[in-house]
Every structure is written in structure tokens, then in C-alpha cells.
Amino acid sequence: MWLRTICDMSFEVEIPTTFILMLRQRSGANQWVAREEYRIRPQVPVYEFTDNYGNLCQRLVAPVGPFEIFTSSDVLINDLVDQAPGAPFVEIDKLPESVLSYLLPSRYCESDRFNDMAASITEGHAMGYDQVKAIETWLRNNISYLPGTSDIAISAIEVNERQSGVCRDLSHLGIALCRSLSIPTRLVVGYLYELEPMDLHAWFEAYVGGRWYTFDATQSEITGGYIAIGYGRDAADVAIFNQFGPSVTLETQRVEVQLIEEEKL
């Protein structure tokens, strides 16, 4: 399917402030970016780089006053998300070096604290994909998804204590549980078609059967419509913007995902 994404943000800047943005999708195995628009007002020099996780990032200094960022892309994605019940666990000595960092505890995913809990949740399930699916189902049934209730990232331990959270929080707990079973797992931030309420979204991917698979405990079932912007160990790696200084206010943020017909491209 073809989807058009829009992210429109406006800030009020009190002193010249450095931003690092992560707003450009990258074409890959599961998505193809056919058109892209990226506007910054007022226009300032922008320096683009690729971070340690392969994400396209932009660095700039915003001047004093109103500052606006607008991005839009037309992206071709698969109609359905790939699923692979029974896909096997990959032994650590056979993992690609690029996924090894996703085995370790990170700032918001304290995987070394969830060994017993993960073993209990996945008892009786085959190692690999089926374990991750059991964790996703447990999250859906036991952790309340409450969109819009938090702007501050919390750790997997805190999510488990609260028994509720936003999409990012459920993903943090899922990641910690999977990593405690030695399954490489990463956080993804991006867009989801027909998400309610519409906003930027977060889910997680696990590496089993020799590739990454998508899991999302916030949705009753996994269908198509996922467009990735960034990948990382947890929310600290995939913020769509970081600003360095105390004097910036996010005034507005608008996110849209539209289904478009191929002949209208």
C-alpha cells in the first residue's frame, strides 16, 4: 500500500538552540520512500549524518523566535506485517555483529532484572518467535495501553510497577523481557496507518529466524501500515528531536498518515 506521512511541528525559541532531528525515513526491505518533502522555517544550515543505528539525523541551530519543521513522504509498504510462528531462536555465536548490542540492558530496558518473569510468561513456548509472541500477548492482556498519558520515557521496571503506559512504555517492557531470554530486540519509532488517536508511534522488533519481526502490544492484531523512522536500543536512541538548552517550547505538533492511490502519486 502507498501511504503519505505528515509531521508538522512548531517551536518558540528563546535563545539560539542546537537541535538534532530524526525525521527522515530510510528506504529498506519493508518500505520504499518515493517522495519526500522537508521544510524548515526560517531556513538555516542543516548538517545530515547517520547515527550508530543507521538512522538519518539532521543537526542545526534554531534562531530566536518561531521555528517550524514540516516533513511529508510518500512511502510504499507491504499490505501485511510478516509473521513467522515457529521461527527459531538464533544462538548468540551465530548472530550478526550488528544485532549484538540489542542483547544488552539499556537505559530504559533493564533486561537483567526480568529473567524469572520472562521465563514464567514464555513457559511451554518454543524458543524464538513463539516466545516473543507470548510476551506480546501477555503485555496486551496485562499492561493497560493509555495513549497521551505521558511525555516522559519511563523504564521497563517502572512500567511493570504501574501496569500501564503509552506505546513506548509497553515496548520498553517487551524489549526487556525478550532480551532477558537472549533474543535481540530493538525499539522502533515511526508512523502507523489508522492509529487512534493519531500520533507518532513506537513498537518493537525481535531478531529470530535470521531476521527482524514486528511486534506491537498496543494493537489488538498486527496488520499493515507501519512506517519506520528510527531504530535504537530504547527511547534514548530514537527521539524525533533533541534540543540542547532550556528555552524551547513545542507549541504545536500535527501527525497524519493518509492512504493514497498509486495513480495519484
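Coordinate-derived values only; no laboratory data. Note that the structure is predicted; figures quoted are calculated from it, not measured. For neighbour counting, all protein chains shown are included, and Cβ atoms are generated from backbone atoms with ideal geometry for every residue, glycine included.
How much net charge surrounds residue 216 when only the other residues with a Cβ under 15 Å from the Cβ of residue 216 are counted, with Lys and Arg +1 and Asp and Glu -1? Around residue 216, the charge tally is -4.
Annotation: amide H of residue 109 within the under-5 Å range of 156, sequence separation 5 or more or interchain, hydrogens built in the peptide plane. Computed 3J(HN,Hα) for the range 230-240, one whole-Hz value per residue from the Karplus formula 6.51 cos²θ - 1.76 cosθ + 1.60 where θ = phi - 60°, is x, 10, x, 5, 6, 4, 5, 9, 10, 5, 5, glycine and proline marked x. Arranged from fewest to most other beta-carbon atoms within 10 Å of their beta carbon, 218, 223, 50, 185 become 50, 223, 218, 185.
Helix 129-142 and the longest principal axis of the C-alpha atoms of the chain enclose an angle of approximately 70°. In terms of Cα atoms, the Rg and Dmax of the range 41-136 work out to 20.5, 59 Å. Per residue, the convex hull spanned by the alpha carbons of the chain comes to 125 Å³. Applying 1/(1 + (r/R0)^6) with r as the Cβ-Cβ distance of residue 94 and residue 36 and R0 = 41 angstrom yields a FRET efficiency of 0.65. Extension gain, residue 194-residue 119: 0.36 nm per intervening residue step, less the Cα-Cα distance, totals 23.6 nm. Shown here: the range 207-265, whose C-alpha atoms stretch 44, 37, 24 Å along the first, second and third principal axes, sorted largest to smallest. Working note: Karplus 6.51/-1.76/1.60 with θ = phi - 60° gives the range 59-64 the couplings 10, 7, 10, 7, x, 5 Hz, where Gly and Pro are set to x. Relative to the dominant Cα principal axis of the chain, helix 167-179 is inclined by about 40°. Size descriptors for the range 1-54 (Cα atoms only): Rg and Dmax, in that order, 14.0, 43 Å. Each helix, a run of at least 4 DSSP H residues, gives -39500 (n - 2.57); summed and divided by the residues of the chain, these come to -4500 deg cm²/dmol at 222 nm. Take 101-111, 26-36, 139-149 and order them by the average number of nearby Cβ atoms within 10 Å per residue, most first; the result is 101-111, 139-149, 26-36. Rounded to the nearest Hz, the phi-derived 3J(HN,Hα) couplings of the range 193-198 under the Karplus curve 6.51 cos²θ - 1.76 cosθ + 1.60 (θ = phi - 60°) are 4, 6, 5, 10, x, 5, where x marks glycine and proline.
Taking amide hydrogens as placed 1.01 Å from N in the peptide plane, the amide H of residue 245 sits under 5 Å from that of no residue at least 5 positions away in sequence or on another chain. Computed over neighbours whose Cβ is under 13 Å from that of residue 117, the net charge equals -3, Lys and Arg +1, Asp and Glu -1.
Given their separation in residues at 0.36 nm each and the Cα-Cα distance between them, residue 72 and residue 46 gain 7.6 nm when the chain is fully extended. Evaluated on the range 135-242, the Kirkwood hydrodynamic radius is 13.8 Å, with distances taken between all distinct Cα atoms.
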